[in-house]
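Colleague: Please find one structure pasted underneath; my questions will follow.
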Amino acid sequence: MAGLSFAPIAGRAQDRQAPPALEDLIPDSAVANPEDWAQQGAPAAPDEDAAVEAMADLDPDAPLAEVPPIDVAWPDNIDLPQLAPLEPDDSIQFADAMDEDEARPGLAEADVVEITPELTLAFPTDPSAFPERAAFAERFGQLSTVAELESDEDNIAQLAARAKADEELLATMLRVYGYFDAQVIRTIGAINPGETNANQQPQVRFDLIPGTRFRFGAVDLGQLLTAPDWQALRRAFEIETGDPLSSDTIVAEQFDLDRALGEMGYPFAAISEPELLVDHARNEGDLTMKVEPGGKFVFGKVNSNLPEFLSGRHLGTIARFDPGDVYQRSLDFDLRRAIISTGLVSTVTVSPRKVRDPVGDQPGEVELDVEMTKAKLRTIAGAIGYGTGEGFRAQASWEHRNLFPPEGMLRLRGIAGTREQLAGVTFRKNNFGGRDEVLTVDAFASTIDSDAYDANTVSLIGTYERLSNLLFQKPLSWSVGLEAVATDERNRVVGGIPRPRQTYFVGAIPLYAMLDTTDDLLDPKRGFRTGLRLSPETSRSQGVQSFYLRGQFDASYYQPVSERVVAAGRVRFASIPGAPLFRIAPSRRLYAGGGGSVRGYGYQRVGPKNDLLEPVGGRSLVEVSAEARIGTKFFDGALSVVPFFDAASVSIDPVPDFRFIKYGAGIGVRYNTGFGPLRLDVATPLNPDEGDSRIAVYISLGQAF
C-alpha cells in the first residue's frame with residue numbers, strides 16, 4: 001500500500017468485539033485504482049434532452065402532489081421554568097398626568113410676551129430679574145424655528161419638534177446674556193398627557209426662570225498695559241470686574257478695542273480670541289483676552305508698484321495724512337477707497353511696512369506699500385432720452401482715463417438730437433492739487449434749435465472744482481471757472497418780422513457752491529441741499545458792451561413720511577440784473593418748462609412769448625416742485641410711484657412779477673436699477689397756452705431733483 005502508512009494500535013488485534021478500523025473498511029481495489037472505485041455508485045450524468053422532454057410533459061394546471069401528513073404529536077402542555085419576581089426599585093418615579101384643573105408648570109405669575117399667535121415667552125414679573133426682556137424677545141422672534149415656520153396647518157408633532165429646537169435656542173441665548181443657571185420650561189397649550197388632538201390651535205409657551213445673572217470676574221488683557229497709551233486703550237474696553245456678564249458685550253468691546261488700537265497708532269496689534277471661565281460657585285466668569293500692542297508708529301511715505309502709472313508721490317497727495325502723523329487705520333482704508341475711486345485700477349491692497357522700530361517714547365515709522373492692477377482705461381459710453389418738446393437726444397463719448405498720467409483724461413463726445421447737435425473735446429485732471437479737486441478744460445461747438453432761440457455756438461470753458469462722487473459724497477462742493485463764448489443766434493421776433501441773426505462774444509467767471517446733507521447722491525431720502533451760482537458776465541454785440549450778473553439759488557428738501565413714502569420739494573430763484581433783455585444773448589436768458597422744471601410743458605416754453613407765441617426768455621425765474629415718492633412691493637420693492645406738482649414763473653424784469661405763472665401735475669414711476677432710479681413721468685399742463693400739448697412724457701436716469 002504505497003503512499004499510505006498506518007501506525008499500530010496496541011491491544012486492538014486481540015479484541016474481537018472492537019469495531020473495524022479504517023484500514024479494514026477500504027478494499028484493496030480502492031487502493032489499487034482509487035479513481036475507478038470512486039465512480040462506483042455515482043449517479044449517471046443527466047440526459048439534457050430527456051430532461052427537456054420531461055419538462056414539456058408537465059401540466060401547469062395539474063394539482064400538486066398531496067403533502068404527507070406530519071405524524072409528530074403536537075404537545076398539549078409545555079412546562080416552562082418559573083421566573084423569579086422582580087423587586088421594586090424605589091429610585092424610579094413616574095409623574096402623574098396633569099389634571100385639567102391643575103396649574104401649568106413654570107412661573108406661577110409671569111409677564112407673557114407674544115412672539116406670534118403660536119408662540120409666547122413668559123418672564124418673571126419683576127423687571128429686575130430679567131432687565132433685557134424686550135431685546136431678548138425681539139431677538140428670539142427673529143431666530144425662532146416656530147416663528148419662522150408658523151402655519152395654520154401645523155400639527156402637534158411638527159409644533160413639538162420645532163419647540164424642542166427653540167428650547168435649545170433659548171438655553172443658548174440665556175447663556176449669551178449671562179444666565180448660566182437658567183431653566184427653560186416648555187409647554188404646548190391645550191394638550192395634556194395622552195391627548196392627540198386639541199379643541200383649539202395649540203400654542204407653545206416657554207417659561208424662563210433666569211436665576212442669578214453672572215458677572216465678570218477677573219479681566220486679563222495680556223500685554224495691553226505695556227502700550228504708551230494703555231490708559232486710553234483700557235477706557236475703550238469698557239468691561240470691568242463686577243459688570244453683568246454678556247457675550248454680546250465681549251464681542252462689542254473687542255471690536256472697540258481693536259478699533260482704538262488701529263486709530264491710536266498700533267498697526268501691528270493682535271488680539272487673541274476671548275476665553276471665558278465660568279465659576280458657578282462664585283456666579284462669575286473670568287475673561288482672558290490676550291492683547292499684543294506691537295508698538296506705536298507714525299506714517300511715512302507711500303510707495304507704488306506702478307510708479308509710471310500712479311506714482312507714490314501722487315498717491316501721497318490724495319492721502320488724508322502727512323508723513324509724521326500718527327498712524328490711523330481709517331486713513332489707511334481711506335487711501336485705498338480713494339485709489340479705487342479714480343476708476344483706473346481693478347484691485348488695490350495697502351499694506352503698512354515697518355521701516356523704523358519704536359525707541360523709548362519715540363514711535364516707529366511705517367510706509368504704506370500700494371499694490372495695484374490696472375483697469376481697462378478706455379471707455380465708450382452712450383445715452384438716449386426723450387422728452388415731449390425736447391424730442392429725442394442721443395449722446396456718445398469715447399475717453400481714455402489716464403492718457404496723461406497721473407489721472408489725465410481725454411474725452412471726445414458728441415450729441416445728436418432733434419433740437420441739439422454738439423461735438424466737443426474735454427481734458428480732465430483728477431485729484432489735481434488736492435483730494436477730489438478737478439481741473440477741466442472743455443472746448444465744443446454746438447447747434448441748438450429750440451422754440452426760444454436758434455444758436456450756433458463755440459465755447460471754451462475752464463473750471464477748477466471740488467466735487468462729490470458716489471464713494472465720497474461731500475457736504476460742501478464748489479467750483480470756479482473762466483468761460484469764453486462766441487455765439488451766433490436768432491434774436492427775438494418783433495411785430496412778426498424776424499430780426500437778423502446776431503453775434504455775441506461773451507466772457508464769464510462762473511462760481512458755484514453747494515451744501516449737501518442728503519443720504520444719497522442719486523436717490524436722496526432725507527436731508528437738504530442748497531446751491532448758489534453766480535456768474536459775472538460781459539457781452540459784446542453790434543459794437544455795444546454790456547455787463548450783467550447771472551445768479552441762481554436752488555434748495556431741495558427730502559423727508560421720509562413713513563417706511564415707504566418720501567416727501568420731496570424744491571425751490572429755485574434766478575435773476576439777471578444789469579442789462580436789458582435784448583442785450584443778453586437768448587441762450588443765456590432764463591427759461592422754464594421741461595422734465596427738470598415744470599413738467600407738462602414743453603422745453604423752455606414757460607415764460608414771456610412774442611407775437612408768434614415763441615418764448616423770448618426772461619431776467620427772473622421762480623420754480624416750485626413737490627412730489628411724493630411712494631414705494632411699492634412690485635419687483636421686490638424696486639418700483640415706486642411718484643405723484644407730483646410743479647409751478648414756475650418767468651418775468652422780463654429782474655424781479656418776478658408772476659404774470660406768467662404756470663402749473664403742471666402728473667404721475668411717474670421709478671425703477672431702482674441699483675445705480676440710480678430710472679424715471680418715467682407723464683404730466684399735463686393745468687393752465688396751458690395756445691400750442692401747449694395736453695400730455696408730456698419724460699424719460700431719464702435719476703430723480704427729477
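The values are calculated or read from the model by the stated rules, or taken from the named source; none is laboratory data. Keep in mind it's a predicted model, so treat the numbers as computed, not measured. Counting neighbours? That spans all protein chains shown, and the Cβs are built from the backbone with ideal geometry, glycine included.
Colleague: Looking at segment 510-537, which of its residues are under 17 Å from Ala579 (Cα atoms) and surrounded by fewer than 15 Cβ atoms within 10 Å (Cβ to Cβ)?
Modeller: Going residue by residue through segment 510-537, those that are under 17 Å from Ala579 (Cα atoms) are 534-537.
Passing the criteria: only Leu534.
Colleague: Also, I was wondering about something else. Filter segment 578-602 for residues that are under 17 Å from Phe645 (Cα atoms) and hydroxyl-bearing (Ser, Thr, Tyr) and give the result.
Modeller: Of the residues in segment 578-602, the ones under 17 Å from Phe645 (Cα atoms) are 592-602.
If the condition is that a residue be under 17 Å from Phe645 (Cα atoms) and hydroxyl-bearing (Ser, Thr, Tyr), then Ser597, Tyr601 are the ones that fit.
Colleague: Give me a count of the residues in segment 263-284 that are surrounded by fewer than 16 Cβ atoms within 10 Å (Cβ to Cβ) and among the polar types (S, T, N, Q).
Modeller: 1
Colleague: Which of the residues that make up segment 242-256 are buried (at least 16 other Cβ atoms within 10 Å of the Cβ), of a type outside the set (Asp, Glu) and in a helix (DSSP H, G or I)?
Modeller: Ser247, Thr249, Ile250, Gln254
Colleague: Can you confirm whether Ala160 is part of a helix (DSSP H, G or I) and at pLDDT below 90? Write out each step before concluding.
Modeller: Working: part of a helix (DSSP H, G or I): yes; at pLDDT below 90: yes.
Considered against the rule, which asks whether it is part of a helix (DSSP H, G or I) and at pLDDT below 90, Ala160 comes out as yes.
Colleague: Test Glu365 against the stated conditions and say whether it is farther than 30 Å from Met264 by Cα and surrounded by 13 or more Cβ atoms within 10 Å (Cβ to Cβ). Let's see the steps before the verdict.
Modeller: Values: farther than 30 Å from Met264 by Cα: no; surrounded by 13 or more Cβ atoms within 10 Å (Cβ to Cβ): yes.
Criteria not met by Glu365.
Colleague: With Asp636, Asp646 as the choices, which residue is of a type in the set (D, E, K, R), crowded, with 19+ Cβ neighbours inside 10 Å and over 24 Å from Thr457 (Cα atoms)?
Modeller: Details: Asp636 fails: crowded, with 19+ Cβ neighbours inside 10 Å.
Answer to the selection: Asp646.
Colleague: Hey, Ile239 hits all of (1) β-branched (Val, Ile, Thr); (2) modelled with pLDDT of 95 or more; (3) more than 30 Å from Pro358 (Cβ to Cβ); (4) not in a helix (DSSP H, G or I) but one; which does it fall short on?
Modeller: Ile239 satisfies all of (1) β-branched (Val, Ile, Thr); (2) modelled with pLDDT of 95 or more; (3) more than 30 Å from Pro358 (Cβ to Cβ); (4) not in a helix (DSSP H, G or I) except (3).
Colleague: Taking segment 640-687 as the search range and keeping residues that are within 43 Å of the chain's Cα centre (by Cα) and assigned to a loop (DSSP other than H, G, I, E, B), which one is nearest to Phe573 (Cα to Cα)?
Modeller: Among those that are within 43 Å of the chain's Cα centre (by Cα) and assigned to a loop (DSSP other than H, G, I, E, B), it is Leu686.
Colleague: While we're looking at this one, here's another question. Out of curiosity, is Arg670 free of Cβ contacts under 8 Å to residues at least 12 places away in the same chain and at negative phi? So that I can check it myself, show each step before the final result.
Modeller: Working: free of Cβ contacts under 8 Å to residues at least 12 places away in the same chain: no; at negative phi: yes.
Answer is no for this residue.
Colleague: Pairs needed: first member in segment 176-196, under 30 Å from Thr249 (Cα atoms) and among the polar types (S, T, N, Q); second member anywhere, in a loop (DSSP other than H, G, I, E, B) and modelled with pLDDT of 85 or more; C-beta distance under 8 Å; at least 6 residues apart or different chains.
Modeller: Gln183/Gly211
Colleague: Somewhere in segment 575-590, is a residue at pLDDT below 90 and in a loop (DSSP other than H, G, I, E, B)?
Modeller: no
Colleague: Between residues in segment 680-705 that are surrounded by 15 or more Cβ atoms within 10 Å (Cβ to Cβ) and residues that are of a type in the set (D, E, K, R) and in a strand (DSSP E or B), which pairs lie under 6 Å by C-beta distance while being six or more apart or on different chains?
Modeller: Close Cβ pairs satisfying both conditions: Tyr698/Asp681; Ser700/Arg679; Phe705/Arg570.
Colleague: Output the residues belonging to segment 423-438 that are more than 34 Å from the chain's Cα centre (by Cα) and modelled with pLDDT of 95 or more. Spell out the reasoning first.
Modeller: Step one: filter segment 423-438 for residues more than 34 Å from the chain's Cα centre (by Cα), giving 423-427, 433.
Once the filter is applied, which keeps residues that are more than 34 Å from the chain's Cα centre (by Cα) and modelled with pLDDT of 95 or more, segment 423-438 yields Ala423, Gly424, Val425, Thr426, Phe427.
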